[in-house]
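Let me begin by presenting the structure, written as structure tokens, before commenting on it.
A short reminder: the numbers here are calculations on the coordinates, not readings from a lab. All values derive from a computational prediction rather than experimental measurement. Cβ placement follows ideal geometry from the backbone for every residue including glycine, while neighbour counts extend to all protein chains displayed.
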Amino acid sequence: MTRPIILLIALAGILLPGAYCGAEQGDSPLRLSEKDTGRTIEMRAGDRMDLALFENATTGFQWEIATITETIIKQVREPEFKPDSGAIGAGGKKTFHFVAVASGETGLTLIYRRPWEANVPPVSTFSVTIHVR
């Protein structure tokens, strides 16, 4: 009688932590792209968001964050670049990763420009309003 109980407790100790972690890590981030510019995005504290924008750094142009309120939403790691093809100099998607940290509203603006051209307007701008509950 005690052997089945011990086995059940051991099995629960193995499976339950994995189920708990899986549920927490399984929440997919909100995914945004160029088509979402101008939108208002609703989030909750703790929600994650990925923003993928086309970039071709071989031309010198790159996306950079121009405005963000890091007490409301912050970038959580370095952006990742995935080329569209294996060709040398190919453009692709640069993905920025964010997390909502506190209630409030903020603008998030990224600009596409050559960093060394200080007095030249950006070629493109991506902007959303983030409302965190």
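Annotations for the structure displayed:
- Here the relative contact order of region 28-132, from alpha carbon pairs under 8 Å that lie six or more residues apart, stands at 35 percent.
- Along the axis of the charge dipole computed for region 28-132 (Cβ charges of +1 for Lys and Arg, -1 for Asp and Glu, origin at the Cα centre), the listed residues Ser33, Gln62, Gly86 are led at the positive end by Gly86.
- Local electrostatic count, Leu53, Cβ distance below 9 Å [Lys/Arg +1, Asp/Glu -1]: 0
- Each residue, Ser28 and Lys82, gets one label point 7 Å from its Cα in the Cβ direction; the gap between the two is 1.2 nm.
- Calculated FRET value between Thr59 and Asp36, using beta carbons and R₀ = 22 Å, to 0.05: 0.40
- Label reach from Glu117 (point 7 Å along Cα→C-beta): in region 53-86, amide nitrogens under 18 Å belong to 54-66.
- Qualifying lysines (Cα of each under 18 Å from Cα of Lys74; at least 8 residues distant if same chain): Lys94
- Dipole moment magnitude, nearest 20 debye, region 28-132 about Cα centre, only Lys, Arg, Asp, Glu C-beta charged: 120
- Charge tally in the Cβ shell below 11 Å around Pro122, where Lys, Arg are +1 and Asp, Glu are -1, Pro122 excluded: 0
- In region 34-133, GluC sites (Glu not before Pro) in a DSSP loop with at most 16 other beta-carbon atoms within 10 Å: Glu70, Glu117
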